1. Within region 82-135, track down each residue that is surrounded by 17 or more Cβ atoms within 10 Å (Cβ to Cβ), hydrophobic (A, V, I, L, M, F, W, C) and either more than 22 Å from residue 43 (Cα to Cα) or in contact with a Pro (Cβ under 7 Å, 6 or more places away or on another chain) (or both).
2. Which residues, counting only those in region 33-71, are crowded, with 21+ Cβ neighbours inside 10 Å, touching a Phe, Trp or Tyr at 6+ places or on another chain (Cβ under 8 Å) and either of a type outside the set (A, V, I, L, M) or assigned to a loop (DSSP other than H, G, I, E, B) (or both)?
3. Scan region 17-32 residue by residue and report those that are assigned to a helix (DSSP H, G or I) and surrounded by 14 or more Cβ atoms within 10 Å (Cβ to Cβ).
4. Looking at residue 74, is it surrounded by fewer than 19 Cβ atoms within 10 Å (Cβ to Cβ) and within 25 Å of residue 11 (Cβ to Cβ)?
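The values are calculated or read from the model by the stated rules, or taken from the named source; none is laboratory data. In this text the structure is predicted, and so the values were computed from the model without any measurement. Neighbour counts are summed over all protein chains in view; Cβ atoms, including those assigned to glycine, are modelled from backbone coordinates with ideal geometry.
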Amino acid sequence: MAYWLVKSEPSVYPWEQLEKDKETAWTGVRNYAARLHLRAMKKGDEVLYYHSNEGMDIVGIAKVAKEAYHDPTTDDERWDAVDIKAFKRLKHPVSLDAIKKDKRLKEMALVRIGRLSVQPVTDEEWKVVMELAGN
């Protein structure tokens, strides 16, 4: 199993909406590096759900429910989507500030490549985030 992080602005699609919907198509990704990550996601992989721009916290864990397929929001065949489903809310949100202050996370993509909307997370990074979240 691999780990990932996806970003959404809470005013666009907050974690609470994913919990209510239970599952959603993760569409609208228009970055080639992020697309590669979408294509690498496998059913059952766990995904950190990060509120970007407002809040700037990791707030929950989702799971990949359906592997990459053509993004239905565009006719452009270059772009893909995956389906994710809500798994569980973190006990304590993990702020970007807390991540940046933890030396164990200095190489995390969220710190190094902050604008990338879909990112890989290493096993060690996952463990640290879970520790910070109290999970």
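1. 94, 96, 99, 105, 108, 109, 110, 128, 132, 133
2. 37, 41, 49, 51, 57, 60, 71 - these are the residues of region 33-71 that are crowded, with 21+ Cβ neighbours inside 10 Å, touching a Phe, Trp or Tyr at 6+ places or on another chain (Cβ under 8 Å) and either of a type outside the set (A, V, I, L, M) or assigned to a loop (DSSP other than H, G, I, E, B) (or both).
3. 18, 19
4. Yes: the conditions hold for residue 74.
Yes/no matrix, rows are residues, columns are (1) at pLDDT 95 or above; (2) of a type in the set (A, V, I, L, M, F, W, C); (3) under 29 Å from residue 66 (Cβ atoms):
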site: 92; (1), (2), (3): yes, no, no
site: 97; (1), (2), (3): yes, no, no
site: 101; (1), (2), (3): yes, no, no
site: 113; (1), (2), (3): no, yes, yes
site: 123; (1), (2), (3): yes, no, yes
site: 128; (1), (2), (3): yes, yes, yes
